[in-house]
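For reference, the structure discussed in these notes is given below.
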Amino acid sequence: MRVPPAPQVSPDRFVTVLFVGSHSEDRQALQEIFAHTNWRLTTVDTPARAIATLRSEHHAVVICERHIQEGSWKDLLERTRTMPSHPLLIVTSHHPDNYLWAEALNLGAYDVLPKPFDRQEVVHVVSAAWLYWLRRLRFQERPTAERQLVASCA
């Protein structure tokens with residue numbers, strides 16, 4: 001008997017998040033938070049694995065540790081920008097300082113999440129990021145003339 005393939009998760013219908021980090025306690029905390037949602041969480045430990053995953057699977061949101069192995073969140077942010085319907089990046093850190101907030105937001109990260117993760121804050125930030133990503137995706141799918149009309153009315 002042939003088993004049908006698992007259905008593909010459509011990132012425009014389901015919240016799809018990639019976590020990039022090597023700390024098992026952070027992975028576990030996110031898995032526990034996501035267990036109470038219908039969101040899909042994928043975890044990897046390096047930016048190189050994140051890029052490989054993003055090339056083969058669509059993710060709307062990437063949560064990346066401030067200090068990661070074999071690279072930086074800034075490199076990851078830059079590399080994801082060239083991807084079609086690129087994901088939004090959220091930087092996470094223990095005790096994020098004003099410098100990280102300013103740097104992350106000025107370089108184009110969506111937000112910064114402090115650790116340890118607070119369930120309510122993670123749900124709020126990831127939800128907002130996904131909704132923003134989805135609006136951007138739907139706007140990009142509009143025909144060029146329609147986008148120009150919408151932009152001129154704004």
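Restricting to Cα pairs below 8 Å that are 6+ residues apart, what does the relative contact order work out to for region 16-153? Please round to a whole percent.
21
Cα gyration tensor of region 51-136, axes a ≥ b ≥ c as square roots of the eigenvalues: rounded (a/c below 1.5), prolate (a/b > b/c) or oblate? List each step's numbers first, then the result.
On the way: a/c = 1.61, a/b = 1.20, b/c = 1.33.
Oblate, since a/c reaches 1.5 and b/c is not below a/b.
Considering only the other residues whose Cβ falls under 13 Å of the Cβ of LEU113, what net charge follows from Lys and Arg at +1 and Asp and Glu at -1?
-2
Just add up the charged neighbours of TRP73: K/R +1, D/E -1, any other residue whose Cβ is under 15 Å from the Cβ of TRP73.
Every neighbour counted, the sum reads -3.
Each reported figure results from applying straightforward, stated rules to the coordinates on display, with no laboratory input. None of these values were measured; they are calculated from a predicted model. No Cβ is skipped: glycine too gets one built from the backbone with ideal geometry, and neighbour counts run over all protein chains shown.
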